[in-house]
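Okay, structure first, notes after.
Derivation of every value follows stated rules applied to the coordinates shown; laboratory data play no part. Treat the numbers as computed from the prediction; the structure is a model and nothing was measured. Glycine also receives a Cβ, built like all others from the backbone with ideal geometry; neighbour counts cover every protein chain displayed.
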Amino acid sequence: MNLIEEPYAVIKARMLRACEHAPLRTGEPPALIAVSKGQPQARIEAALRLGLRHFGENRVREAIGRWQTHRAAYPDLRLHLIGPLQSNKAAQAVALFDTIHSLDREKIARVISDETARQNRKIACFVQVNTGEEPQKAGIAPADAPDFIAFCRDELSLPVIGLMGIPPADEPPGPHFALLYQLAREQGLTELSMGMSNDFEQAIRFGATCIRVGTALFGQREA
Ligand SMILES: *Cc1c(COP(=O)(O)O)cnc(C)c1O
C-alpha cells in the first residue's frame with residue numbers, strides 16, 4: 001500500500017475539477033509541487049514511486065540532505081526553493097535547485113545572478129510578491145514589483161518566469177490571487193506560483209500555473 005496514493009488521487013481530482021471552472025486559466029493544467037519540507041523519508045519515497053517529480057523545500061540545508069542523493073536516480077527531478085534565501089546559502093541553492101520562487105530583493109537577486117554565471121547554471125525564477133503587505137512576510141511590495149522585475153530581467157539577465165505569493169492567513173485569498181494574476185499580466189509573465197493545501201482550488205481558478213501542496217498530500221509535518 002502506497003502511503004500517499006489516496007491523497008494524491010484526491011488532489012488530482014480536485015485540481016481537475018478546479019480547472020473546469022477556471023475562466024482565467026489557459027494552456028496546460030497546473031503543475032503540482034509536492035512540498036516535502038519536514039516530511040519523513042518514507043512519504044517522499046512513496047511520492048517518487050507514484051511518479052511525482054516536482055518537490056518544494058523551504059530550507060537549503062534540509063533540502064541538500066534529502067535530495068542530493070536522489071538527483072542521480074531521478075534525472076527528471078525538479079527541485080523548487082519556496083522559502084526565503086540568505087546570501088550565504090546562495091551558492092548551495094543554485095547548485096541544487098532548478099527553480100527559485102522567493103526572489104524578493106536586490107541583494108539576493110545579484111547573488112543568484114553571480115552564482116548562476118559562476119556555476120554555469122540556469123535557474124528559473126519567480127518574484128515573490130507580498131500582496132498583503134505583511135511586515136513579517138517575505139516578498140516585494142506590489143507597488144515596487146514592476147521596477148524590481150525590470151531590474152532582475154534587464155540588469156541581471158535573470159530568467160524571471162512568473163510571480164509567487166502567499167495570501168495573509170486571516171483573509172480570503174481570492175483578491176490576493178487576483179492581484180498576482182493582474183501584476184503578472186502587466187509584466188508579461190506567464191507563470192503563477194500560488195495556492196497551498198487550503199486554497200489551491202481558488203488559486204487555480206485565478207490562473208495558478210503551479211500549486212505548492214504539502215500537508216494535504218503528505219499529512220502533517222514532523223518538523
Ligand atoms: C510550507 C509551504 C507550502 C505548503 O503548505 P501546506 O499548507 O502544507 O500545503 C507552500 N508554500 C510555501 C512557501 C511553504 O512554505
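Suppose R0 equals 22 Å; then what is the FRET efficiency for Arg49 and Thr215 from their Cβ-Cβ distance, rounded to the nearest 0.05? It would help to have the intermediate numbers written out before the result.
Numbers: r = 20 Å, r/R0 = 0.90.
Result of the calculation: an efficiency of 0.65.
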For region 1-133, state the semi-axes of the equivalent ellipsoid (square roots of 5 times the eigenvalues of the alpha-carbon gyration tensor), sorted largest first and rounded to whole angstrom. 27, 21, 13
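From the square roots a ≥ b ≥ c of the eigenvalues of the alpha-carbon gyration tensor of the chain, which class results: rounded (a/c under 1.5), prolate (a/b over b/c), or oblate?
Numbers: a/c = 1.70, a/b = 1.11, b/c = 1.54.
Verdict is oblate for the chain.
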Placing +1 on the Cβ of each Lys and Arg and -1 on the Cβ of each Asp and Glu in region 107-223, which of Pro173, Ser193, Leu156 has its Cα farthest towards the positive end of the resulting dipole? Leu156
Charge dipole (debye, nearest 20) of region 1-128; +1 at Cβ of Lys and Arg, -1 at Cβ of Asp and Glu: 220 debye
When the Debye formula is applied to the Cα atoms of region 1-60, each taken as the same point scatterer, what base-10 log of I(q)/I(0) results at q = 0.13, 0.14, 0.29 Å⁻¹? -0.41, -0.47, -1.25
Sequence neighbours fewer than 8 away in the same chain don't count; with that in mind, list the lysines whose C-alpha is under 25 Å from Lys122. Lys37, Lys89, Lys107
Relative counts (whole %) of C-alpha pair distances in region 138-197, using bins that are 5 Å wide: 4, 17, 29, 27, 13, 7, 3, 1
If you average the alpha carbon positions of region 61-112 and of region 6-20, how far apart do those two centres end up, in angstrom? 28 Å
State the dimensionless ratio Rg/Rh of region 106-153 (Rg: radius of gyration of Cα atoms; Rh: Kirkwood radius). 1.03
Over region 75-116 - Rg/Rh using Cα atoms and the Kirkwood inverse-distance radius: 0.95
Reachable aspartates and glutamates from Lys137, Cα under 15 Å, same-chain residues fewer than 8 places away excluded? Asp104, Asp170, Glu171
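If the viscosity is 0.890 mPa s and the temperature 25 °C, what translational diffusion coefficient in µm²/s does Stokes-Einstein give for region 59-135 when Rh comes from Kirkwood over Cα pairs? Mind dumping the intermediate values first?
On the way: Rh = 13.0 Å.
So the translational diffusion coefficient is about 188 µm²/s.
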Largest-first ellipsoid semi-axes for region 95-193, taking √(5λ) over the Cα gyration tensor eigenvalues, angstrom: 24, 13, 12
